[in-house]
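Notes follow the structure.
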Amino acid sequence: MGRPAKRHGLITRLWHWINLITVVVLFMSGLTISNAHRLLYWGHWGFSREHAWLEVPRFPGWMTLPTEYSLAVARDWHILMAWPFAVGLLVMWIYMLIGGHFWRDLRTSFKEWRPKAIWADIVQHLKLNFDHGAAKFNFLQKLTYGLVLGVLLPGMVLSGMAISPGFEPAAPWLVDMFGGRQSARSIHFIFAWGIFAFFVVHILLVLLAGPIHQLRDMITGGQFDPEAAEQAKKGEAS
């Protein structure tokens, strides 16, 4: 019988808390930047309401950083947090791929994509039953984390670089990849709110599943028995 491993590795825990700080600061300073020009466009350019696909509401001071409108200060905070956000995500992906966390815990199997299995997972979530046996994550968790880690977070980094005036001349191909600087700005805004939606749902599920236990595991690492997980997988396959 092997010694139980940590449920959450040290790098995962460090990234989780550092990323929380960076995302909150980036989001709040981003709302201040949004207040500077509340129109979103598609393509390479846009100047007025007739060109816009969306007019964003003005966000109140309690949601923004700084609380009093200052575009220069908001940009300083945004750039300051963008670096640990991007570098942290890169380190996390290297850790997940080399350390096996992605292949072992986040990769989905063909069996999990069967409609019957997906529906059963949805039903259990609706019943607030979050028990997924010896495995670390169930299918919906794997799918959600995959979208956040593989699409939303990298998309924020790339689209953020694409809308940076200083970066565009150095890598015009990145701007073209998004279909124009204004398209990159719109995607940046959409992805930001996608991450916010994930944040709200994530907090809600933590509260429903037992916040003390969840927070303790994300601080101390918790315990996870890989041998029990392997036996559970063999039992499902038989």
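The values are calculated or read from the model by the stated rules, or taken from the named source; none is laboratory data. Note that this is a predicted model, so its numbers are computed, not measured. When we count neighbours, we look across all protein chains shown, and the Cβ atoms used for this are built from the backbone with ideal geometry, even at glycine. Note: accessible area is taken over every heavy atom of the protein model, side chains too, but ligands, DNA and RNA are not part of it. Shrake-Rupley method; radii C 1.70, N 1.55, O 1.52, S 1.80 Å.
Within segment 147-180, the residues that satisfy the criterion of being assigned to a loop (DSSP other than H, G, I, E, B) and of a type outside the set (Phe, Trp, Tyr) are Ile163, Ser164, Pro165, Gly166, Glu168, Pro169, Ala170, Ala171, Gly179, Gly180.
Could you tell me how many of the residues in segment 50-64 are hydrophobic (A, V, I, L, M, F, W, C), closer than 21 Å to Gln182 by Cα and not in a loop (DSSP other than H, G, I, E, B)?
1
Here is a yes/no grid of residues against (1) touching a strand residue (DSSP E or B) at 6+ places or on another chain (Cβ under 8 Å); (2) among the acidic types (Asp, Glu); (3) at pLDDT 95 or above; (4) within 25 Å of Val148 (Cα to Cα):
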{"site": "Thr12", "(1), (2), (3), (4)": "no, no, no, yes"}
{"site": "Met28", "(1), (2), (3), (4)": "no, no, yes, yes"}
{"site": "Asn35", "(1), (2), (3), (4)": "no, no, yes, no"}
{"site": "Arg38", "(1), (2), (3), (4)": "yes, no, yes, no"}
{"site": "His44", "(1), (2), (3), (4)": "no, no, no, no"}
{"site": "Ser48", "(1), (2), (3), (4)": "yes, no, no, no"}
{"site": "Leu54", "(1), (2), (3), (4)": "yes, no, yes, yes"}
{"site": "Ala72", "(1), (2), (3), (4)": "no, no, yes, no"}
{"site": "Gly88", "(1), (2), (3), (4)": "no, no, yes, yes"}
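Of all residues in segment 10-46 being of a type in the set (Gly, Ala, Ser) and within 24 Å of Asp76 (Cβ to Cβ), which is surrounded by the fewest Cβ atoms within 10 Å (Cβ to Cβ)? It comes out as Ala36. Figure legend. Inter-residue proximity from segment 171-182: first residues in contact (Cβ under 8 Å) with a residue 40 or more places away in the chain, second residues acidic (Asp, Glu) and open to solvent by less than 10 Å² (accessible area, probe 1.4 Å), beta-carbon distance below 9 Å, spacing 6+ or different chains. No pairs are indicated. Scanning segment 152-195 for residues that are of a type in the set (A, V, I, L, M) and open to solvent by 60 Å² or more (accessible area, probe 1.4 Å) gives Leu158, Met161, Ala170, Met177, Ile190. Scanning segment 75-91 for residues being open to solvent by less than 50 Å² (accessible area, probe 1.4 Å) and either among the hydrophobic types (A, V, I, L, M, F, W, C) or farther than 15 Å from Phe27 by Cβ (or both) gives a total of 6.
The number of residues in segment 65-108 being assigned to a loop (DSSP other than H, G, I, E, B) and under 20 Å from the mean Cα position of the chain (by Cα) comes to 3. Do you know which of the residues in segment 180-238 that are touching a strand residue (DSSP E or B) at 6+ places or on another chain (Cβ under 8 Å) and at pLDDT 80 or above is nearest to Lys142 (Cα to Cα)? Checked segment 180-238; the qualifying residue nearest to Lys142 (Cα to Cα) is Phe189.
Summed over segment 105-119, the residues that are under 22 Å from His202 (Cβ atoms), at pLDDT 85 or above and not hydroxyl-bearing (Ser, Thr, Tyr) give a count of 4.
Return a yes/no flag: does segment 42-60 have any residue that is β-branched (Val, Ile, Thr), farther than 21 Å from Ala184 by Cβ and in contact (Cβ under 8 Å) with a residue 12 or more places away in the chain. Even if it seems obvious, please write down each step before you answer.
Quick first cut of segment 42-60, residues β-branched (Val, Ile, Thr) only: 56.
Those left that are additionally farther than 21 Å from Ala184 by Cβ: none.
Checking segment 42-60: not a single residue is β-branched (Val, Ile, Thr), farther than 21 Å from Ala184 by Cβ and in contact (Cβ under 8 Å) with a residue 12 or more places away in the chain.
Scan segment 92-110 for residues that are open to solvent by less than 100 Å² (accessible area, probe 1.4 Å) and either aliphatic (A, V, I, L, M) or touching a residue at least 40 places away in the same chain (Cβ under 8 Å) (or both) and the total you get is 9.
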